[in-house]
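Presented below is the structure to which this report refers.
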Amino acid sequence: MTSPRHLLDFEGYGRDDVLSILDAAEAFFEVSRRPVRKVPTLRGKTIINLFYENSTRTRTSFELAGKRLSADVVNMSVAASSVKKGETLSDTVRTLEAMQPDVIVMRHGASGAPHFVAKRVRCAVVNAGDGTHAHPTQALLDAFTIRRRVGRLDNLIVAICGDIAHSRVARSAAELLALFGAEVRVTGPRTLLPRDAAALGVRVMPTLESALEGVDVVMMLRIQQERLGGTRLPSLREYSRTFGLNRELLGLAKPGALVMHPGPMNRGVEISPEVADGPSSAVLDQVEAGVAVRMAVLYRMAGEGASNPAEA
Amino acid sequence: MLVLHGGRVFDPRTGLDEIADVVIEAGRITRIGRGAADGLEGEQVERRDVSGKWVAPGFVDLHVHLREPGQEYKEDLASGLRAAVAGGFTTVCPMPNTRPVNDTRAITESMVAKAKSLGLARLLPFGAITRGLKGAELAEMADLRDAGAIGVSDDGRCVMNAAVMRRALEYARTFDLLVTQHCEDHHLTEGAQMHEGVVSARLGLRGWPREAEDVIVARDLLLAEATGARYHVAHISSMGAVRLIREAKSRGLRVSAEVTPHHLLYTEDAVLGYDTHCKVNPPLRTEEDREALRQALADGTIDCVATDHAPHSSLEKDCEFAAASVGINGLETAVPGLLELVRGGSLSPARLIESLTSSPSALLPDVEAGGLAVGGRADVAVIDPDLRWTVEPEALHSRCDNTPMLHHEVTGAIALTLVEGRVVHERPA
């Protein structure tokens with residue numbers, strides 16, 4: 001089977017595809033720690049970062065990844081309001097296509113928008129987060145971090161806690177970890193879990209305590225302010241009391257278990273400060289891994305013909 | 001004189017299903033029977049050999065959107081009624097969500113007059129239940145009826161307020177108008193993109209739970225029982241609603257339901273890949289729902305098939321899923337779609353014909369349609385059940401091609417359609 005041309009979600013990706021991205025990321029990770037953090041791998045290639053949603057972190061991470069590979073990187077931020085005024089996604093994409101990019105990195109508020117684009121362009125499309133659907137590079141950097149810190153990816157027990165229903169991070173993490181035989185548990189108030197959570201290949205746990213029992217990794221998700229005050233969540237205080245992670249609860253996990261968070265964190269809500277800053281926390285490793293993993297993804301999408309990724 | 005010679009002739013009212021000739025004179029059927037056309041010859045006799053084909057009453061569609069007035073770039077009466085006859089439909093009932101809304105006599109009158117001048121399918125509109133489809137004040141139903149409306153509906157919107165629905169049922173009953181409800185609790189479907197279930201969880205699309213349909217059906221059945229009105233469920237899609245209708249009918253209530261070909265044919269799986277041609281309201285549901293709908297259509301719990309023909313242009317469909325409009329183009333693909341069920345064994349040919357003809361027409365008591373009787377109006381559809389064709393935009397008469405069948409090869413087509421004895425559609429052999 002030929003490897004997928006795009007990275008939209010992990011549909012069509014196998015274990016080996018993921019491992020080859022993670023291995024390339026290891027090489028780029030070393031590059032990121034050199035005094036000169038740049039390789040000529042993608043010289044002459046053009047990458048367009050097309051962001052329909054504000055995202056300083058992910059956009060910066062992709063921009064840095066492209067630049068460290070010596071690609072020409074163009075950032076296009078499209079505010080939601082100007083979209084309403086005129087150009088359709090279809091027209092925007094045709095315009096960009098005419099500029100002959102090699103990769104379009106795309107974030108969009110609508111689930112499936114990168115799939116729509118991928119069907120209409122010749123270049124590769126990398127999903128940098130679509131609606132409440134997928135965020136594959138986040139899942140890859142999480143896997144990279146887990147492999148470094150835990151020492152393996154196979155047969156882990158992972159708990160994901162929080163707003164699963166609206167989380168593209170949770171969906172992609174579950175999809176990727178399933179390739180490695182993980183037992184993925186999810187927990188949170190029922191108002192924030194999808195009705196058919198089992199469709200994601202995960203086990204729904206009734207409480208944070210039961211979800212944490214014996215896990216290797218726990219991923220805490222950010223509670224979005226817009227979920228508050230409606231019918232999903234009465235208060236942050238109550239959420240924190242029932243589904244917030246603190247040092248005592250972390251004791252239920254395996255000794256040395258890893259605590260992850262895609263950021264930005266609400267300290268004192270889903271995660272207590274002592275856990276966020278404690279020895280189990282991998283939050284900053286995740287951020288550092290982000291650039292290396294995205295370099296590996298861009299290399300895979302646009303680096304055809306280039307041999308040794310880190311030395312070329 | 002027009003002679004349809006040697007076809008398999010169906011009349012669901014009498015149970016007729018045999019090889020016979022049909023003779024038509026001056027817009028009426030004058031003879032039906034084996035050899036009925038024997039000896040009829042001469043210049044005045046126009047003969048069509050329809051052997052191997054099915055001769056049925058012209059179809060009646062209780063639910064279409066023809067977009068005129070207001071959105072003629074999607075469809076207008078001329079293209080929509082042309083599409084209707086190309087699909088075998090000789091009577092169609094457009095919903096009132098035009099722009100402006102068909103909530104007043106003048107709009108109904110102008111639609112009916114224009115349709116008459118076209119001489120294609122007959123147009124029997126639904127007027128609005130409430131002014132502007134806003135769900136608050138009743139529309140002038142007696143005026144609408146006198147202008148030619150056969151029922152009322154706020155289709156596209158559900159009458160959410162139970163007190164308004166109660167009064168609407170009472171008032172409509174005064175004038176014996178059919179009340180068709182679009183059953184959707186809008187609070188339960190806020191932001192919904194597709195059926196809430198396994199596929200919506202995977203695709204990260206906000207779900208439309210089937211209970212949003214069921215709670216309205218349950219409430220309305222209680223109100224229909226209390227008011228004695230004739231109540232009809234539009235585009236039924238959930239197995240729960242089927243169960244409720246079955247129970248209500250077993251107690252003798254004057255209630256009915258229609259189902260669309262797409263809900264009978266597809267499930268939520270069709271949305272995988274974010275195909276906007278499969279975005280529809282109510283949404284495509286699960287295998288279990290589809291099975292319940294098929295069974296209910298076969299056993300008569302669901303009275304009839306209605307297409308909910310909802311043309312949308314590429315402006316509404318060539319976009320990201322969340323931005324796409326809901327609706328499937330249905331008039332010209334209904335027969336090939338339903339024939340798939342016949343070939344699959346879940347629908348008999350006789351019930352297929354009935355659900356497109358006498359069953360819907362029984363819900364319009366003062367309209368002559370849905371039968372093939374000597375002396376009756378010669379509205380006829382001739383089906384070629386074996387003809388294979390590909391659903392390409394050029395093959396459709398509708399102005400739009402928003403159907404999941406687009407570019408697919410299908411089996412079954414309408415060979416010939418007559419309205420009052422006139423040939424209004426004939427497929428080149």
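Quick notes on this one:
- For region A:132-152, a tally of residues being within 9 Å of chain B (Cβ to nearest Cβ) and in contact (Cβ under 8 Å) with a residue 60 or more places away in the chain returns 2.
- Scanning region B:341-372 for residues that are assigned by TED's automatic domain parsing to the domain that holds B:Ser256 and β-branched (Val, Ile, Thr) returns B:Val342, B:Ile353, B:Thr357.
- Condition check for B:Asp155: more than 16 Å from B:Ala226 (Cβ to Cβ) and in a loop (DSSP other than H, G, I, E, B): yes
- If only residues of region A:110-131 that are in a strand (DSSP E or B) and either away from chain B (no Cβ under 14 Å) or out of contact with any Leu (no Cβ under 9 Å at 6 or more places or on another chain) (or both) are counted, the one that is surrounded by the fewest Cβ atoms within 10 Å (Cβ to Cβ) is A:Ala124.
- The condition (being surrounded by fewer than 18 Cβ atoms within 10 Å (Cβ to Cβ), under 21 Å from B:Gly412 (Cβ atoms) and more than 14 Å from chain A (Cβ to nearest Cβ)) is satisfied by just one residue among B:Ala298, B:Ala334: B:Ala298.
- Condition met for A:Val287 (surrounded by fewer than 20 Cβ atoms within 10 Å (Cβ to Cβ) and assigned to a loop (DSSP other than H, G, I, E, B)): no
- Test result for B:Glu291, open to solvent by 30 Å² or more (accessible area, probe 1.4 Å), at pLDDT 95 or above, more than 23 Å from B:Arg67 (Cβ to Cβ) and over 17 Å from the mean Cα position of the chain (by Cα): yes
- Condition check for A:Val74: open to solvent by 20 Å² or more (accessible area, probe 1.4 Å), of a type in the set (Val, Ile, Thr) and assigned by TED's automatic domain parsing to the domain that holds A:Gly181: no
Residues checked against (1) at pLDDT below 90; (2) open to solvent by 60 Å² or more (accessible area, probe 1.4 Å):
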| site | (1), (2) |
| --- | --- |
| A:Thr2 | yes, yes |
| A:Gly12 | no, no |
| A:Ile21 | no, no |
| A:Lys38 | no, yes |
| A:Phe62 | no, no |
| A:Lys67 | no, yes |
| A:Lys84 | yes, yes |
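- Entirely in region B:1-73, the strands (runs of 3 or more DSSP E) that have 2 or more residues that are over 26 Å from B:Asp303 (Cβ atoms): B:2-11, B:16-25, B:28-33, B:46-49
- Test result for A:Gly151, closer than 18 Å to A:Phe29 by Cα and more than 12 Å from the chain's Cα centre (by Cα): yes
- Count of region A:193-225 residues which are under 17 Å from A:Glu270 (Cβ atoms) and either outside any helix (DSSP H, G or I) or in contact with a Leu (Cβ under 7 Å, 6 or more places away or on another chain) (or both): 15
- Annotation: of all residues in region A:186-204 being buried (at least 20 other Cβ atoms within 10 Å of the Cβ) and more than 12 Å from chain B (Cβ to nearest Cβ), the one that is farthest from A:His261 (Cα to Cα) is A:Leu192.
- Some residue of region A:53-70 being assigned to a loop (DSSP other than H, G, I, E, B), in contact with a Gly (Cβ under 6 Å, 6 or more places away or on another chain) and within 21 Å of A:Thr132 (Cα to Cα): yes
- Check on B:Gly228, surrounded by fewer than 24 Cβ atoms within 10 Å (Cβ to Cβ), under 24 Å from B:Cys93 (Cα atoms) and either among the hydrophobic types (A, V, I, L, M, F, W, C) or away from every other protein chain (no Cβ under 14 Å) (or both): yes
- Only one of the listed residues (A:Ile146, A:Ile160) is open to solvent by less than 10 Å² (accessible area, probe 1.4 Å), modelled with pLDDT of 95 or more and assigned to a strand (DSSP E or B). That residue is A:Ile160.
- All conditions but one from (1) open to solvent by 10 Å² or more (accessible area, probe 1.4 Å); (2) modelled with pLDDT of 95 or more apply to B:Leu315; the one that does not is (2).
- Exclusive hit being within 14 Å of chain B (Cβ to nearest Cβ), farther than 21 Å from A:Ser172 by Cα and crowded, with 16+ Cβ neighbours inside 10 Å, set A:Thr88, A:Thr92: A:Thr92
- Residue satisfying all of: in region B:173-183; surrounded by 24 or more Cβ atoms within 10 Å (Cβ to Cβ) and out of contact with any Lys or Arg (no Cβ under 7 Å at 6 or more places or on another chain); nearest to the other protein chains (Cβ to nearest Cβ) among these: B:Cys183
- Note on region A:40-51: among residues that are open to solvent by less than 10 Å² (accessible area, probe 1.4 Å) and touching a Ser or Thr at 6+ places or on another chain (Cβ under 8 Å), the one that is nearest to A:Glu97 (Cα to Cα) is A:Leu50.
- Residue in region B:269-285 that is open to solvent by less than 10 Å² (accessible area, probe 1.4 Å), in contact (Cβ under 8 Å) with a residue 60 or more places away in the chain, touching a strand residue (DSSP E or B) at 6+ places or on another chain (Cβ under 6 Å) and farther than 15 Å from B:Ala241 by Cβ present: yes
- Selection of first residues in region A:226-249 that are without any contact (Cβ under 8 Å) to a residue 40 or more places away in the chain and of second residues that are assigned to a helix (DSSP H, G or I) and of a type in the set (Asp, Glu), restricted to Cβ pairs under 8 Å at least 6 apart or on distinct chains, gives the following pairs, ordered by first then second residue: A:Asn246/A:Glu274; A:Arg247/A:Glu274.
- Residues located in region B:27-71, provided they are basic (Lys, Arg) and open to solvent by 40 Å² or more (accessible area, probe 1.4 Å): B:Arg28, B:Arg31, B:Arg34, B:Arg47, B:Arg48, B:Lys53
- Taken together, the criteria place A:Val269 among residues that are at pLDDT 90 or above, part of a loop (DSSP other than H, G, I, E, B) and within 25 Å of A:Asn54 (Cβ to Cβ).
The values are calculated or read from the model by the stated rules, or taken from the named source; none is laboratory data. As the structure is a computational prediction, the values presented were derived from the model and not from experiment. Quick reminder, even Gly has a Cβ in these numbers, built from the backbone with ideal geometry, and neighbours come from all protein chains shown. What goes into the accessible areas is simple: the full protein's heavy atoms, side chains included, and nothing from ligands, DNA or RNA. Shrake-Rupley method; radii C 1.70, N 1.55, O 1.52, S 1.80 Å.
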